[in-house]
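Below: one structure, written as structure tokens.
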Amino acid sequence: PNPPLGAMWKAEGLFTAIFFVCDFEHLYLRLDPDEAFKSRTSDLRIECVLQAPRSSYRLMVSSASPDRYRLARRRDDGSWEDIGSWELIGWNHVLELALPFKEIQVGVSEQMQMSLLVYEHEMEIARYPRHQPAVVTVPGPEFGATVWRV
């Protein structure tokens with residue numbers, strides 16, 4: 001997850017690894033923070049921005065309430081409508097959460113784009129992937145047959 005350094009920009013080292021995986025019902029996200037992230041005690045917020053086929057969503061985790069994450073949907077006027085909050089799977093040495101696909105209205109074989117943004121004091125300090133969102137396809141019943149070989 002650490003981008004290369006450049007003459008005009010120094011990369012923030014916040015995670016040693018970022019994992020995401022899907023089953024038929026959930027998107028699972030795991031973030032492994034590095035020592036720089038763990039040493040920050042200030043106002044941190046992690047947002048996972050999801051562009052689904054029918055709408056955009058924002059999943060938010062804040063250091064102010066590290067036991068829950070919130071989900072919001074973008075309205076037609078550009079504002080965000082809060083959908084609800086769920087308990088995190090964990091945020092001790094790693095941050096793990098599970099997002100139900102039904103909450104973001106994504107069906108089997110549909111694709112969505114995903115970006116991870118980190119804010120400190122309301123200022124973006126990191127973005128993963130750096131240039132383009134990751135593309136995630138919701139698996140269907142044939143998923144196991146297409147990825148496993150005996």
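Screening segment 94-106 for residues that are of a type outside the set (S, T, N, Q) and out of contact with any Gly (no Cβ under 9 Å at 6 or more places or on another chain) and picking the one that is farthest from G140 (Cα to Cα) gives V94.
Among the residues in segment 47-58, are any among the polar types (S, T, N, Q), within 20 Å of T137 (Cα to Cα) and open to solvent by less than 70 Å² (accessible area, probe 1.4 Å)?
Yes, segment 47-58 has at least one match.
For segment 31-46, filtered to residues that are open to solvent by 50 Å² or more (accessible area, probe 1.4 Å) and either part of a strand (DSSP E or B) or of a type in the set (K, R) (or both), the residue that is nearest to H93 (Cα to Cα) is K38. Select from segment 47-88 the residues that are within 19 Å of F20 (Cβ to Cβ) and outside any strand (DSSP E or B) and list them in ascending order. If the condition is that a residue be within 19 Å of F20 (Cβ to Cβ) and outside any strand (DSSP E or B), then A52, P53, L88 are the ones that fit.
Consider segment 97-135 and keep the residues that are open to solvent by 60 Å² or more (accessible area, probe 1.4 Å) and outside any loop (DSSP other than H, G, I, E, B). The one that is modelled with the highest pLDDT is Q113.
Listed here are the residues, each with its yes/no results for (1) within 22 Å of K38 (Cα to Cα); (2) more than 13 Å from the chain's Cα centre (by Cα); (3) not hydroxyl-bearing (S, T, Y).
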{"residue": "L50", "(1), (2), (3)": "no, no, yes"}
{"residue": "L59", "(1), (2), (3)": "yes, no, yes"}
{"residue": "S62", "(1), (2), (3)": "yes, no, no"}
{"residue": "P66", "(1), (2), (3)": "yes, yes, yes"}
{"residue": "L71", "(1), (2), (3)": "no, no, yes"}
{"residue": "D77", "(1), (2), (3)": "no, yes, yes"}
{"residue": "W86", "(1), (2), (3)": "no, yes, yes"}
{"residue": "L97", "(1), (2), (3)": "yes, no, yes"}
{"residue": "F101", "(1), (2), (3)": "no, yes, yes"}
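Selection of first residues in segment 1-30 that are over 18 Å from P133 (Cβ atoms) and surrounded by 11 or more Cβ atoms within 10 Å (Cβ to Cβ) and of second residues that are polar (S, T, N, Q) and at pLDDT below 85, restricted to Cβ pairs under 7 Å at least 6 apart or on distinct chains, gives the following pairs, ordered by first then second residue: A11/N2; G13/N2.
The values are calculated or read from the model by the stated rules, or taken from the named source; none is laboratory data. Since we're looking at a predicted model, the values are computed, not measured. Note: ideal-geometry Cβ built from the backbone for every residue, glycine included; neighbour counts use all protein chains shown. Each accessible area value is taken on the protein alone, full model and side chains, heavy atoms only, with ligands, DNA and RNA left out. Shrake-Rupley method; radii C 1.70, N 1.55, O 1.52, S 1.80 Å.
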